[in-house]
Amino acid sequence: MILAIQKCLQTHIPKIFLESLEELESEAQKGIFTSWSLSNNEAALSAFWADECQFNTKKISENIDFSYHPTFDLSSLTKPIFLNLYLRELFKQDFIKIINTPINDLFLNKNSLEENEELFQFILNSKNNFCLNSFLSHYSGTKNWFWMGSAKWFQFSTSHHKDPNVYHTNLDINDKNYIYNIKSNLNSSCMKSFNFDDYGKFVYSDVNYFILSRLIESFFMKEKSWFQIVELINDKLETNFFHSSLSPQKSKNSIPFYPYISYYNNDINLDKLKDMNFGFVNDTNSNILSSLSENNNLVSGHSGFFGNIIDVTKATKEIIFSQSKYLYEVNYTSDVNVRFVYGLDTPSSKDSTAGLNHWPENRSKVYGHLGYTGTSFWFQINEKKQNSKYHVLLTNRVSQRRKYGVEKCPRIFVYSDFINKSNKYFRVTNDDIKEINKIELDDILNEYFGISNKIWDSSVVRIAPNINNIRKSIATKMWNL
């Protein structure tokens, strides 16, 4: 199939994208992932099975419709694209100053939500001067993870057992304090996750971004709701991002569309999980938070954001602009001992998935982030503060697809040329590939969507394969730094 694709597409797409397509399709044939999208400064390219998803065709004020790229669970790319980007937009030129000011020294309206009060008193009264960057850049001292499903269990002591850390039974969903108890349990777990001796040391932690969400909703929303914050980002960037905790049903149209449970050692009782109502997120904790009762889903900034390659590309360009501006304003000097800069990751070794050929001279100019589902973006800051190179890769490496039906289901390629503002669509069945128009693509997607229930194995708990080699290889191709 790859040879046939090469012959057909070599006159339609640039060599660098064709080479990347061949490599990614080889991995897809091994079952490493089923779908992928990638982009750089020039274009975007996606590949997926026709039965995998339906598209959000919401019109945006573009000269060209880029909506025919599939939507992915962005996993940890939620951190820079959701909360980080919101705070940059909120604080604007004061972003660096505010995130590095001790929270106690900020003039905040301390009328926080009642269920968050105990957590914030804990933070505000700490011997460490926590600032927002303590959480954005992962040096708060919190441990890297805890299972948020424990929030659905009720904590109490009996004559036989008085350990306050043991949860005995499920909360009563009909209890009027159900959601309050869940939030209180989660905040209590956050407080237990701090090790103050680790303050100032880098510990990559999803807990940081759960706490950031609580800080934002209590102090930095300016009377906005979480839904309005997502829309603020979409309005600014002309994107179609959504958060699973706010719009869980939209996730059904993404890749993969079914609920997925990640396996974390022995922390989770799989028999108990089968009876729980999950959302549609690969991250176990995000699934927990997006599966609460209607209108009470709990937003976290560590995962749960969804978008397509065009959405992520636009967000990357905005982050490049703001990161360049902030670094220039403070005359930032790279420190090899600092991994995260204003909440963005840096290449930590010459084997980084950023795909740098010249190490270490390019190390100090490159920023980005990785996501568990196989998502990533990296960009280069240059001296001119414009036309920075970047690349984005999205995959669904945690998905499992049955063999049944694959041979009959068409493979779709979508290529968007940013320079010439044009789209091309291709249908591949076995070794037959041909270019199609948008109407034909619509017909194909409508025909095949739904048979996916026979093809996807939604019962599989899969350990995600290591794709760092393919990440690095594609990155090297896409920008040759």
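The values are calculated or read from the model by the stated rules, or taken from the named source; none is laboratory data. Note that the structure is predicted; figures quoted are calculated from it, not measured. Here the Cβ is made from the backbone with ideal geometry for all residues, glycine too, and neighbour counts use every protein chain on show. These accessible areas exclude ligands, DNA and RNA; they are computed on the full protein's heavy atoms, side chains included. Shrake-Rupley method; radii C 1.70, N 1.55, O 1.52, S 1.80 Å.
Residues are listed down the side, and each one gets a yes or a no for (1) closer than 30 Å to W359 by Cα; (2) of a type in the set (F, W, Y); (3) modelled with pLDDT under 80; (4) open to solvent by less than 30 Å² (accessible area, probe 1.4 Å):
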| residue | (1), (2), (3), (4) |
| --- | --- |
| I255 | no, no, no, yes |
| M276 | no, no, yes, no |
| N285 | no, no, no, yes |
| E294 | no, no, yes, no |
| G307 | no, no, no, yes |
| V312 | yes, no, no, yes |
| S322 | yes, no, no, yes |
| Y326 | yes, yes, no, yes |
| Y342 | yes, yes, no, yes |
* Give the residues of region 374-411 that are buried (at least 23 other Cβ atoms within 10 Å of the Cβ) and modelled with pLDDT of 95 or more, sorted by residue number. => G374, T375, S376, F377, W378, F379, H391, V392, L393, L394, T395
* Of residues in region 192-216 being at pLDDT 90 or above and open to solvent by 30 Å² or more (accessible area, probe 1.4 Å), the one nearest to the chain's Cα centre (by Cα) -> Y204
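Open to solvent by less than 10 Å² (accessible area, probe 1.4 Å) and either without any contact (Cβ under 8 Å) to a residue 24 or more places away in the chain or over 15 Å from E115 (Cβ atoms) (or both), is that true of S244? Show your work before the answer.
Values: open to solvent by less than 10 Å² (accessible area, probe 1.4 Å): yes; either without any contact (Cβ under 8 Å) to a residue 24 or more places away in the chain or over 15 Å from E115 (Cβ atoms) (or both): yes.
Here the answer is yes, as S244 does meet what is asked.
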* With the condition kept exactly as written, say whether any residue in region 349-369 is in a strand (DSSP E or B), within 20 Å of F95 (Cβ to Cβ) and of a type in the set (F, W, Y). => yes
